[in-house]
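The values are calculated or read from the model by the stated rules, or taken from the named source; none is laboratory data. Treat the numbers as computed from the prediction; the structure is a model and nothing was measured. Neighbour counts run over all protein chains shown; Cβ positions are idealised from the backbone, glycine included.
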Amino acid sequence: MATRPGQQDYVDGMIEVIADRQEPGVAQAKALAYRVRRLAHRLETEIKRDLAPHGIELWELELLACLIRTEPEHRLSAGALMTQLQLTSGAVTNRVTKMERNGWVVRDFDPGDRRSVLVTLTPAGEQRAMEVFGVKSETEQALLSSLDSSAQRRLNDDLRTLLLALEGPG
């Protein structure tokens, strides 16, 4: 769905109300922050809705994806999962415990450091992730389809620049 010249979204209306009380750069940054948050919320809500009939939560799929990407062992330390998923150690522990009950991961002590826990993807976990990855991809593609591929590429590049400035290289 293409936008028409002069067409405004919800954020434009909000910014219009406060723009005269803000410096121009502040209003612009605020509008961008609102749009990024609204888009992230919309993406997460839609993906969760589309995954629900498949009996898997978004956080479960994201954790499985972290492990799948670590070839060939499909194993990460709990600390690495904390970093990649941007979670606390308690949250990682709770999530891994739930996934262990599903048979999707196993936990072992790191033989090189008994204080560290390694989380390994099981064949059942890999199979489960592969069954539903397409659902998430289809939802993302559908929600972002109003931007053509060159617009998506530009937005990706701009957001990468911003994240590199905030987080540093991956």
Can you name the residue in the range 23-56 that is acidic (Asp, Glu) and at pLDDT 95 or above and, of all such residues, is surrounded by the fewest Cβ atoms within 10 Å (Cβ to Cβ)? 44
Take residue 16 and decide whether it is in a helix (DSSP H, G or I), of a type outside the set (Phe, Trp, Tyr) and under 18 Å from the mean Cα position of the chain (by Cα). no
What residue, of 51, 64, is touching a residue at least 24 places away in the same chain (Cβ under 8 Å), of a type in the set (A, V, I, L, M) and in contact with a Gly (Cβ under 7 Å, 6 or more places away or on another chain)? 64
Going through the range 157-169 in order, the residues found to be surrounded by 11 or more Cβ atoms within 10 Å (Cβ to Cβ) and more than 12 Å from residue 36 (Cβ to Cβ) are 160, 164
Looking only at the range 145-155, filter to residues that are part of a helix (DSSP H, G or I) and not small (Gly, Ala, Ser); which one of those is surrounded by the most Cβ atoms within 10 Å (Cβ to Cβ)? 152
How many residues does the range 62-115 contain that are assigned to a helix (DSSP H, G or I) and polar (S, T, N, Q)? 7
Scan of the range 130-170 for residues that are of a type in the set (S, T, N, Q) and touching an Asp or Glu at 6+ places or on another chain (Cβ under 6 Å), ordered by number: 139
Which condition breaks for residue 115 when tested against (1) within 21 Å of residue 63 (Cα to Cα); (2) without any contact (Cβ under 8 Å) to a residue 40 or more places away in the chain; (3) touching a strand residue (DSSP E or B) at 6+ places or on another chain (Cβ under 9 Å)? (1)
Here are some residues: 97, 83, 70. Which one is over 18 Å from residue 135 (Cα atoms), more than 18 Å from the chain's Cα centre (by Cα) and of a type in the set (Val, Ile, Thr)? 97
Residue count, the range 96-144 (criterion: of a type in the set (S, T, N, Q), surrounded by 14 or more Cβ atoms within 10 Å (Cβ to Cβ) and within 30 Å of residue 38 (Cβ to Cβ)): 1
For the range 92-116, what are the residues that are among the hydrophobic types (A, V, I, L, M, F, W, C) and touching a Leu at 6+ places or on another chain (Cβ under 8 Å)? 92, 96, 99, 104, 105, 109
Can you pull out the residues in the range 116-130 that are modelled with pLDDT of 90 or more and part of a strand (DSSP E or B)? 117, 118, 119, 120, 121
